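One structure is given here, and the rest of the page talks about it.
The values are calculated or read from the model by the stated rules, or taken from the named source; none is laboratory data. Nothing here was measured: the structure is a model prediction, and the numbers come from that model. So basically every Cβ, Gly included, is an ideal-geometry build from the backbone, and we count neighbours across all protein chains shown.
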Amino acid sequence: MELKVGDHAPYFETTAVGGPYGSGQTVKLSDFTGSSLVLYFYPKDDTPGCTRQACDLRDAWSDIKSKAALFGVSVDPEQSHREFIDKYGLPFPLLSDPGHKIVEAYGVWVEKERDGNKYLGTERTTFVIGPDQKITAVLRKVDPKDHLELLQPHLA
């Protein structure tokens, strides 16, 4: 089932790395009751599109941080996240989902195809979650170069 605006955000609990979570602390959806939350799902640390997306968010961080908590989510392990954060000076945390629980709950672990080969991977999708933990925006299959521009109207 595909999540849509108005649906309750699926519960998650995992390790956050970076930002106020430093080298790693447990974080869960209920920690953000009463505030806005952005979960942006991306395929892989330190790849061209994912780096572009993360660096655009980094460059707009002074504006974003006052409007919502923001987490990047991928199936990469915590160490990969730490290296990605350090390499690009990312000020926001990343969630590690190596067991695919979060990507599956949010419906973004999908079949993809490259060069005629099919495989499972993370669809680049962003969810904006309101203070009541209901989804207020879904940005599916986002092009990294357009992500920030598409996200900003939902952070008002």
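Of note:
- Region 62-82 residues that are free of Cβ contacts under 8 Å to residues at least 12 places away in the same chain and over 18 Å from Asp97 (Cα atoms), paired with ones that are surrounded by fewer than 19 Cβ atoms within 10 Å (Cβ to Cβ) and not hydrophobic (A, V, I, L, M, F, W, C) (beta carbon under 6 Å, 6 or more apart): none
- Selection from region 1-10 of residues that are surrounded by fewer than 18 Cβ atoms within 10 Å (Cβ to Cβ), touching a strand residue (DSSP E or B) at 6+ places or on another chain (Cβ under 7 Å) and either of a type in the set (Phe, Trp, Tyr) or under 14 Å from Thr125 (Cα atoms) (or both): Lys4, Val5
- Only residues that are touching a Gly at 6+ places or on another chain (Cβ under 9 Å), in contact (Cβ under 8 Å) with a residue 60 or more places away in the chain and assigned to a helix (DSSP H, G or I) were counted in region 43-54, giving 2.
- Taken together, Leu3, Leu39, Leu57 contain a single residue that is in a loop (DSSP other than H, G, I, E, B), under 20 Å from Asp143 (Cα atoms), aliphatic (A, V, I, L, M) and at pLDDT 95 or above, which is Leu3.
- Gly22 vs. criteria in contact (Cβ under 8 Å) with a residue 60 or more places away in the chain, exposed (fewer than 14 other Cβ atoms within 10 Å of the Cβ) and of a type outside the set (D, E, K, R): no
- Condition check for Leu95: modelled with pLDDT of 95 or more and either assigned to a strand (DSSP E or B) or more than 14 Å from the chain's Cα centre (by Cα) (or both): yes
- For region 107-153, filtering for residues that are small (Gly, Ala, Ser) and in a strand (DSSP E or B) leaves 2.
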